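Input: a single structure, listed below in C-alpha cells.
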Amino acid sequence: MRELKGFWKLILNLLVGVWGIFILYTALLYALHPLLQGGISLSIGLAIVFLVYPFSKRMLKWNVPKFFQYLLTGTKNAPSFIDLIFIAISLIPCIYIMIHWEDIVRNPGVFEQYHLVLAVLLIISLLEGTRRALGLTIPILVLFFIIYTIAGPHIPGRFGHPGFSFTDILYQLYLMTEGIWGLLTDMASRIIAPFIIFGPILFATGVGSTVMELSTYFGGKIRGGPGHVAVISSSLFGMLSGSSVANAATTGSFTIPLMKKFGFSRAFAAAVEAAASSGGQIMPPIMGAGCFIMAEFLNIPYAHIMIAGLIPALIYFAGIAAGIWIEAGRTGMGKLPKELMPELKSILKPSRILGFVLPIGTLGVLLFMFFPAQICAAWAIVVSIIFFTFFGGPLKASELWKRIKSIWSGLYEGVVKALAWLMIMMACVQIAVSLISLTGFGVKVSELIIEISGYNVYLALIATMLTAIILGMGMTTTAAYVIAAAVLVPALQQMGINPLAAHLFIFYFAIKSGLTPPVCITVFTTTAIAGGSWLKAAWNSMKLGIGGYIMPFFFIFVPAYLMKGPVWEVLFIFIGAFVAMFAIEAGVLGYWKKPSTPLERALYISGGLIMMAPGHWTFVGLAIFIIGLLLEKFDVQIPIVAKRPAQIIRKPIS
C-alpha cells in the first residue's frame with residue numbers, strides 16, 4: 001500500500017472526508033436508493049483503491065526506468081498513469097448510475113449499447129481493484145461464474161443450463177438492482193460502512209490503551225497471565241474491529257513478546273493470539289461483517305444474531321483460556337508480576353472509562369431497542385467523537401486540535417485500510433452471487449449434496465464444513481461466507497436445519513480457515529511477530545481453538561446454545577459446555593496436573609464431548625472426565641494404553 005504525499009495525499013484526504021460525512025449523513029438523516037447509495041460509495045472506494053494499491057507490489061520495489069514508473073508501477077508516494085486511467089474508467093459507469101438511477105429504475109428492460117460498454121468498464125474495474133487489494137482468488141472465482149453463465153448449454157449433466165448471452169449478463173449486472181448494486185454492495189455502503197469506521201475512531205480516542213490495560217489487569221491475575229491478556233484483549237478488540245488479521249496485528253504486537261518472555265514457546269504464543277483473534281469475529285456486539293449480511297439474508301434484526309452468537313463465542317474463548325491455563329501448568333508459568341500490572345485507579349478514571357462505556361453502551365442499547373444497525377453505529381460514532389473532543393482533555397485550542405487530528409487519523413485508518421477494499425470486494429462478490437442465482441447453480445449444488453449424503457445430515461454438515469474452510473483459505477471470511485451460504489444453506493434447510501443455525505455454522509468455519517493449514521492467514525500474521533514455525537503455530541492454534549470446530553455441530557442440534565429455550569436450560573448447557581472445554585483441552589494438549597496417558601486423554605476428550613450434550617448426558621460426560629482425573633491422581637499406568645509420558649519443562653525465550 002502506498003503512502004501518498006503532496007497533491008495525491010490531499011486528494012486522498014478529500015475522498016476520506018467526503019465518504020465519512022456521506023456515511024454518517026445517510027445513516028442518520030437520509031437513506032438513498034441502493035443504486036445511488038452504491039454508486040457514490042463504490043466510486044469513492046474504487047478511486048481510493050487505485051490510488052493506494054499499486055498495479056504490482058513486487059514491481060513497485062524494482063529499480064525501473066522513470067518512464068516505466070510513470071506509466072505502470074507508480075512510486076511509493078504517487079500513482080501511475082495506468083492507475084489514473086483505471087480511476088477514470090471506474091468513475092464513468094458509477095457517475096452515470098448516480099445521474100440516471102431514477103430512469104433506470106422506472107424503465108426496466110430498456111438499455112442502449114453504450115450501457116453495455118459501461119458495464120464492461122465497471123466489471124473490469126472491480127476485478128482489477130479486487131486483484132490489487134486481495135489477490136487473484138476472488139477475481140478468478142467471478143470469471144469462472146461469468147464463463148459458466150455463458151457456457152451453460154455446452155455443459156453436460158446436472159450443472160448444464162439454458163445459458164445467457166453476454167448482453168443479458170451485462171444488462172443484469174449493471175442495470176438491475178439484483179446485479180452489482182444488489183444486497184452485498186448495498187449492505188457494505190449502508191450498514192457495514194459505519195461499523196468499519198467505528199472501531200478505528202474508537203481506538204483513536206484512547207479506547208485501545210484502556211482495553212489493553214483492563215485485559216492486563218484482569219488476565220494477568222490468572223495462571224498463565226500473559227496468555228489470558230491475549231484472550232481478553234483480543235475478545236474486546238474483536239468486538240470493535242470484527243477482523244481476525246487486524247486484531248492479531250494490533251494486540252499481538254504486545255501480547256506475543258510478553259508470552260514468549262514468560263515461558264510460552266514461539267509457536268504456542270503465536271497460536272494463542274491467532275486463536276483469540278479469530279474469535280473476535282464471533283464476539284458480539286460487532287461480529288464479522290458477514291453477520292450483518294446474515295441478518296439481511298434471514299430478514300431478522302442484527303440483535304438476534306448477537307444474542308444467538310453470545311454463548312458459542314463465550315465457550316470458544318473459554319476453551320482458549322482453558323488451554324492456556326493447562327499449558328501454563330506444564331511450563332510452570334504463574335501470574336504476571338506486580339510491576340507489570342497497571343494500577344486500577346488509572347484505568348478507572350472517569351474520562352477513560354466513559355470514553356469506552358458511552359459509545360459501546362449507546363451501540364448496545366440502540367441495537368437491543370431494534371433500531372437499524374447503521375443508525376446504532378452512527379450514533380455511537382457521534383457520541384465517541386463528541387465526548388473525546390470536549391471531555392478528553394483540556395479545552396485549549398492546541399489540545400482540541402490534537403484530539404481532532406487523532407479522530408481524523410482513526411477515520412483515515414478505517415476508510416483507507418479497511419472500508420475501501422471491503423467495498424470493492426463486496427461488489428465483486430455480488431457479481432458471483434447474482435450469477436449463482438441467475439443460473440440456479442446454488443440449487444444444483446444443494447441437490448448434489450443431498451443426493452451424495454443420502455439425506456444424512458452429518459455427512460451434509462461435514463461437506464459444508466470443508467467447503468466453507470476451503471473457500472475461506474482463498475478469500476476473506478465475509479466473501480467465503482456469502483458464497484458458501486448462497487450455495488449450501490438451501491441444502492441444509494431442506495434437511496430441516498434451522499436457517500440461523502445453518503448460517504452461523506458456515507460463518508464459523510469460514511473463520512476457522514484462518515487457523516487451518518495450508519492457507520491460514522491469521523496464523524501467518526502472528527507467526528511474523530513471534531517467529532518460529534508457522535506450521536507448529538497452526539497446529540497449536542487448532543488445538544486451542546478446537547471449540548470453534550466442535551461448537552457449530554452442537555448448536556445445529558441443541559437450540560439452547562443459540563439462546564433458544566427456557567433460561568434454566570440455557571444456563572445448564574452453558575455451564576456444562578464451559579467445564580467440558582477444560583476436559584477437551586486437557587485431552588488435546590495431553591496434560592492436567594501431569595502429562596496424561598493415552599487412556600486419560602481419551603477419557604478427557606470423550607467426557608468433554610458428551611458433557612456438551614443436553615440433559616443427563618452432561619452428567620455422564622462429567623463422570624467420564626472425573627474417572628480420567630482419578631486415574632491421573634492415583635497414577636494408574638498400564639503398558640501402551642496408559643503409560644505416562646515424561647514431563648518436559650520449556651524455558652522462557654528471550
* Structure fact -> Counted residues in region 496-552 being of a type in the set (Gly, Ala, Ser), more than 15 Å from Leu471 (Cβ to Cβ) and assigned to a helix (DSSP H, G or I) come to 9
* What single numbered condition from (1) under 30 Å from the mean Cα position of the chain (by Cα); (2) modelled with pLDDT of 85 or more fails to hold for Ile347? -> (2)
* Asked: Do we find a residue being crowded, with 21+ Cβ neighbours inside 10 Å and of a type in the set (Val, Ile, Thr) anywhere in region 562-575?
  -> yes
* To do: Among residues belonging to region 328-348 that are out of contact with any Ser or Thr (no Cβ under 9 Å at 6 or more places or on another chain) and part of a helix (DSSP H, G or I), point out the one that is surrounded by the fewest Cβ atoms within 10 Å (Cβ to Cβ).
  => Glu339
* All but one of (1) modelled with pLDDT of 85 or more; (2) under 17 Å from Thr522 (Cβ atoms); (3) among the aromatic types (Phe, Trp, Tyr) hold for Phe198; which doesn't? -> (2)
* Which condition number in (1) closer than 19 Å to Ile452 by Cα; (2) assigned to a helix (DSSP H, G or I); (3) in contact (Cβ under 8 Å) with a residue 24 or more places away in the chain is the one that Gln493 fails? -> (3)
* To do: Could you look through region 62-117, keep only residues that are at pLDDT 90 or above and among the hydroxyl-bearing types (Ser, Thr, Tyr), and pick out the one that is surrounded by the fewest Cβ atoms within 10 Å (Cβ to Cβ)?
  => Tyr114
* Asked: Can you name every residue in region 42-77 that is of a type in the set (D, E, K, R) and touching a residue at least 24 places away in the same chain (Cβ under 8 Å)?
  -> Lys76
* To do: Could you name every one of the helices (runs of 4 or more DSSP H) located completely within region 385-483 that has at least 1 residues being touching a helix residue (DSSP H, G or I) at 6+ places or on another chain (Cβ under 6 Å) and buried (at least 24 other Cβ atoms within 10 Å of the Cβ)?
  => 397-414, 420-439, 457-474
* Close pairs from region 84-96: first touching a residue at least 60 places away in the same chain (Cβ under 8 Å) and in the same structural domain as Gly129 (by TED's automatic domain parsing), partner in a helix (DSSP H, G or I) and of a type in the set (Phe, Trp, Tyr), Cβ under 9 Å, at least 6 apart -> Pro93/Tyr174
* To do: Check off (1) within 28 Å of Ile462 (Cβ to Cβ); (2) touching a residue at least 40 places away in the same chain (Cβ under 8 Å); (3) surrounded by 17 or more Cβ atoms within 10 Å (Cβ to Cβ); (4) not basic (Lys, Arg) for Tyr591 and give me the number that stays unchecked.
  => (1)
* Asked: Looking at region 201-300, what helices (runs of 4 or more DSSP H) fall wholly within it and have at least 3 residues that are touching a Ser or Thr at 6+ places or on another chain (Cβ under 8 Å) and without any contact (Cβ under 8 Å) to a residue 12 or more places away in the chain?
  -> none
* Asked: Any residue at all in region 14-24 that is part of a loop (DSSP other than H, G, I, E, B) and either buried (at least 20 other Cβ atoms within 10 Å of the Cβ) or outside the structural domain of Leu121 (by TED's automatic domain parsing) (or both)?
  -> no
* If you go through region 559-610, how many residues are part of a helix (DSSP H, G or I) and either charged (D, E, K, R) or more than 14 Å from Gly319 (Cα to Cα) (or both)? -> 21
* Applying the selection to region 164-187, what residues are charged (D, E, K, R) and free of Cβ contacts under 8 Å to residues at least 40 places away in the same chain? -> Asp168
* Yes/no for Ile180 being part of a loop (DSSP other than H, G, I, E, B) and aliphatic (A, V, I, L, M) -> yes
* Structure fact -> Over region 40-61, the set of residues of a type in the set (Gly, Ala, Ser) and modelled with pLDDT of 95 or more is Ser41, Ser43, Gly45, Ala47
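The values are calculated or read from the model by the stated rules, or taken from the named source; none is laboratory data. Quantities reported herein were computed from a predicted structural model and do not represent experimental measurements. In this analysis, Cβ positions are derived from the backbone assuming ideal geometry, glycine residues included, and neighbour counts consider all displayed protein chains.
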